Amino acid sequence: MMSTTRAILFLAALISLNWTAAAQDNPLKFEKTRIGTVTYEACSVCDVDKDGALDIVSGEYWFQGPQFDKSHKICSIKPVDDYFDDFSDYPLDVNGDEYLDIVSGGWWGGTLQWRENPAGKDTEWTVHDVAVTGNIERGCFWDLDADGTVEAVPNCPGKPFLAFKLVRDAAGKPQGRFDQFTIAGRPQGHGLGCGDIAGNGRADLVTADGWLEAPEKPFASEWTWHPEFNLGSASVPVLVYDVNGDKLNDLIVGQAHDYGLAWWEQQKGADGTRAWVKHDIDPERSQYHDMQLVDIDNDGQVELITGKRYRAHQENDPGSLDPLGVYYFEINGGKFDRRTIDYGPAGQASGVGIYFWVEDIDGNGWKDIVAPGKDGLFLFKNLGNK
């Protein structure tokens, strides 16, 4: 006769299997809406005017929630061909007035900037330069020193690794300026990620041709370089995540300007030697430039959310004119099951741009996706799987 403990474990396993099967049989449903007529490649979600409703920010405009049918001009952004020089839209109270500002930067301007929220006034925002960094492929925002606040870490291919820490007073109030730190003088590649590779709880940095091991004091000590792989024109970000549950963090990497999406398994020998084994996830789709790990189906486990960036190099990338798509992948012990949210030709379907956002924008308990791009700005409201 089966023991009580074994019976409970067996029943739990059956419930888990049945739930997984049900989730696979009932994928999430989304309601797609175009927001305005803008075609910037970055966006974010935050409460711009402190009215209690979440708003959408994208490039030169913010769209007032909860309806998003009224737009407000933020500032003018330099257009270059069919680009705008806006490669991230991160909300952060930079000057301590309790209104969220926007931190951004672009390829052509090569400058990290912040746009000052006019404290709820319906007027254009003041733009402040933080530093000249070199061409910014995309801004990233991570807590490198584990103090509970993020640093701005721009991916600048061919330039040193820089981090910008918001200056705060003794009470923690932001002071409207950033301290600049050089993490490493060696040049970055295309692509940047952050996570614990070494297994010591610190925030290491990953780039296309290796990773930097964080010291105990990341802004006061030297980082150790490990040239252990070549990821190609890697996504921004490269995601650091234990895919197969072996307690070693792996890498999830898209090819930002080519075909391919893969995970790189971290393996360690008895002598501590590290090796990386590539496993394809989706080699048949191109321009996986941005991606996130978020629990979008409320199963307690993160999913990989990503999609195609449209016209990243104006039809010069492999697969540039292929159909667009937005997807989430269920991760099951190294196996990635793709679920399609949107798919089709440009003008009908959406990609995810260079900097998309995931947030429960309508408060229904399911996280939604805001997807920018040269094909337009789209809100995918998550209706759940009922």
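Computed values, structure above
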read-out	value
Karplus-derived HN-Hα couplings along the range 153-169 (A = 6.51, B = -1.76, C = 1.60, θ = phi - 60°), whole Hz, x at Gly and Pro	10, x, 8, 10, x, x, 10, x, 7, 10, 9, 10, 9, 5, 6, 10, 7
FRET efficiency for Ala170 and Leu321, using Cβ-Cβ distance with R0 set to 51 Å, rounded to 0.05	0.40
GNM flexibility winner over the chain from Lys32, Lys367, Lys247 (Cα, springs under 10 Å)	Lys247
Rounded to whole Hz, the Karplus (6.51, -1.76, 1.60) HN-Hα couplings of the range 47-62, x for glycine and proline	8, 5, 9, 6, 9, x, 9, 6, 10, 10, 10, 8, x, 7, 9, 10
Extension gain (nm, one decimal) between Thr37 and Asn332, 0.36 nm per residue minus Cα-Cα	102.4 nm
Entries of Lys268/Lys367; Lys70/Lys121; Lys32/Lys367; Lys73/Lys367 with Cα pairs more than 25 Å apart	Lys268/Lys367; Lys73/Lys367
Amide proton proximity set for Phe84, modelled H, under 5 Å, gap of 5+	Glu41
Residues whose placed amide H lies under 5 Å from that of Tyr61, excluding near-sequence neighbours	Ile74
With every protein chain in place, the range 88-149: carbon and sulfur % of accessible area (1.4 Å)	44 percent
Accessible area of the range 260-386 belonging to carbon and sulfur atoms, whole % at 1.4 Å probe	43 percent
Amide H contacts of Phe30 (H built 1.01 Å from N, under 5 Å, at least 5 apart or other chain)	Leu383
Extension gain, Asp360 back to Asp280 (0.36 nm per residue minus Cα-Cα distance, nm)	25.8 nm
FRET E, pair Val127, Arg186, Förster distance 41 Å, beta-carbon r, rounded to 0.05	0.85
Nearest-0.05 FRET efficiency for Glu222 and Asp299, computed from C-beta distance (R0 30 Å)	0.10
Radius, Kirkwood style, for the chain when every pair of distinct Cα atoms is counted (Å)	21.7 Å
Solvent-accessible area per residue for the chain (1.4 angstrom probe, square angstrom)	43 Å²
Gained length - Asp81 relative to Gln348, 0.36 nm times residue gap less alpha-carbon distance	93.9 nm
Ranking by accessible area, most exposed first, for Tyr259, Tyr328 with a 1.4 Å probe	Tyr259, Tyr328
Computed helical MRE - 222 nm, the chain, DSSP H runs ≥ 4 contributing -39500 (n - 2.57), nearest 500	-2000 deg cm²/dmol
Choice from Ala220, Ala163, Ala312 showing the highest fluctuation, given a GNM over the chain with Cα pairs closer than 10 Å	Ala220
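The values are calculated or read from the model by the stated rules, or taken from the named source; none is laboratory data. Note that the structure is a prediction, hence the values are computed from the model and not measured. Cβ: placed from backbone, ideal geometry, glycine included. Neighbour counts: every protein chain shown. Each accessible area value is taken on the protein alone, full model and side chains, heavy atoms only, with ligands, DNA and RNA left out. Shrake-Rupley method; radii C 1.70, N 1.55, O 1.52, S 1.80 Å.
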